[in-house]
Amino acid sequence: PWIQMYFDRLSAKSGGKKIKDIFKNFSLFVYGGVNFEPYRARLEQTIGKRIDSIETYPASEGFIAFQDSQTDKGLLLLVKAGIFYEFIPSEEYFNDNPQRISLADVELDKNYALILNTSAGLWGYSIGDTVKFVSKDPYKIVVTGRIKHYISAFGEHVIGEEVEHALLFVAGEEGIEVTEFTVAPQVNPGEGELPYHEWFIEFGKAPADTDAFRMNVDAALRKKNVYYDDLIKGKILQPLIIRSLKKNAFIDYMKSKGKLGGQNKVPRLSNDREIAKELTDYTDLYSLNP
């Protein structure tokens with residue numbers, strides 16, 4: 001994220017100082033629009049200490065939710081802020097006539113596409129995000145991804161929350177630092193190979209054994225997604241493949257697309273090969289696993 005680039009530049013210009021020594025009163029990081037956890041380890045290494053953080057959920061269409069506790073990752077949904085919420089079960093979103101349910105009828109731990117109706121004039125507007133309720137009293141949500149960012153080339157319905165959980169869990173267990181990553185399906189592998197999910201990862205601290213790491217990530221993803229697990233067991237897919245990218249690969253890639261900084265983000269998932277092909281084509285940014 002741009003804040004990491006900003007902190008890296010400050011550190012370089014100050015002779016390698018930690019951010020805590022530049023901003024001595026820095027004690028709280030408020031953010032929104034991206035899951036902080038995949039970047040926490042590296043960011044806190046640059047800062048030089050553990051720091052409290054608060055996630056917010058603002059949008060051009062309205063302020064939707066915010067984190068109100070350091071011990072609870074759920075975001076408190078703002079129900080008295082001029083927004084009438086509706087929710088579409090994510091598996092029904094692309095149907096011709098999906099059902100829209102009210103706040104009173106939501107279920108816990110189920111993914112919904114978020115629909116807004118506002119006092120500013122929006123009506124039945126899909127903001128493009130998927131959310132999951134973790135509490136109904138009070139209403140609290142977590143943002144699980146983007147409705148258009150998923151992989152289902154074989155009916156696996158893998159979403160951003162699942163790949164982030166799998167990677168973060170294994171990286172945390174093994175002391176691995178991930179700078180950035182994206183995932184795409186490979187439906188046309190080499191002759192004799194099964195299709196697979198291809199993970200492009202830039203490591204801050206790479207695993208000593210990449211093959212063991214990828215199998216552990218694959219196992220973690222299979223635990224989160226039964227459809228993906230069935231495809232692996234049924235030998236429709238082979239376990240995921242990791243492509244290890246060189247330092248600053250994603251920064252250089254985004255810069256080449258004119259999308260570096262601001263609110264531009266690397267999609268966690270794509271159901272096509274557009275981004276994967278771009279990364280593969282940038283051979284000077286790209287290195288295959290041994």
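The values are calculated or read from the model by the stated rules, or taken from the named source; none is laboratory data. Quantities reported herein were computed from a predicted structural model and do not represent experimental measurements. Positions of Cβ are backbone-derived with ideal geometry, glycine not excepted, and every protein chain shown enters the neighbour counts.
Please determine whether any residue of segment 223-241 is out of contact with any helix residue (DSSP H, G or I) (no Cβ under 9 Å at 6 or more places or on another chain), part of a loop (DSSP other than H, G, I, E, B) and farther than 22 Å from Leu43 by Cβ.
Yes, segment 223-241 contains at least one residue that is out of contact with any helix residue (DSSP H, G or I) (no Cβ under 9 Å at 6 or more places or on another chain), part of a loop (DSSP other than H, G, I, E, B) and farther than 22 Å from Leu43 by Cβ.
Is it fair to say Gly204 is part of a loop (DSSP other than H, G, I, E, B) and modelled with pLDDT under 95?
no
Residue check: is Glu91 at pLDDT below 95, in a helix (DSSP H, G or I) and either touching a helix residue (DSSP H, G or I) at 6+ places or on another chain (Cβ under 6 Å) or closer than 24 Å to Lys136 by Cα (or both)? Lay out the reasoning, then the answer.
Details: at pLDDT below 95: yes; in a helix (DSSP H, G or I): yes; either touching a helix residue (DSSP H, G or I) at 6+ places or on another chain (Cβ under 6 Å) or closer than 24 Å to Lys136 by Cα (or both): yes.
Considered against the rule, which asks whether it is at pLDDT below 95, in a helix (DSSP H, G or I) and either touching a helix residue (DSSP H, G or I) at 6+ places or on another chain (Cβ under 6 Å) or closer than 24 Å to Lys136 by Cα (or both), Glu91 comes out as yes.
Please state which one of Leu78, Leu43, Leu28 is surrounded by 13 or more Cβ atoms within 10 Å (Cβ to Cβ), more than 21 Å from the chain's Cα centre (by Cα) and among the hydrophobic types (A, V, I, L, M, F, W, C). Spell out how you get there, then give the answer.
Details: Leu43 fails: more than 21 Å from the chain's Cα centre (by Cα); Leu28 fails: surrounded by 13 or more Cβ atoms within 10 Å (Cβ to Cβ).
That would be Leu78, the only listed residue that is surrounded by 13 or more Cβ atoms within 10 Å (Cβ to Cβ), more than 21 Å from the chain's Cα centre (by Cα) and among the hydrophobic types (A, V, I, L, M, F, W, C).
Which count do you get for residues in segment 119-149 that are farther than 29 Å from Val266 by Cα, hydroxyl-bearing (Ser, Thr, Tyr) and either at pLDDT below 95 or surrounded by 16 or more Cβ atoms within 10 Å (Cβ to Cβ) (or both)?
Residues flagged as farther than 29 Å from Val266 by Cα, hydroxyl-bearing (Ser, Thr, Tyr) and either at pLDDT below 95 or surrounded by 16 or more Cβ atoms within 10 Å (Cβ to Cβ) (or both) within segment 119-149 amount to 2.
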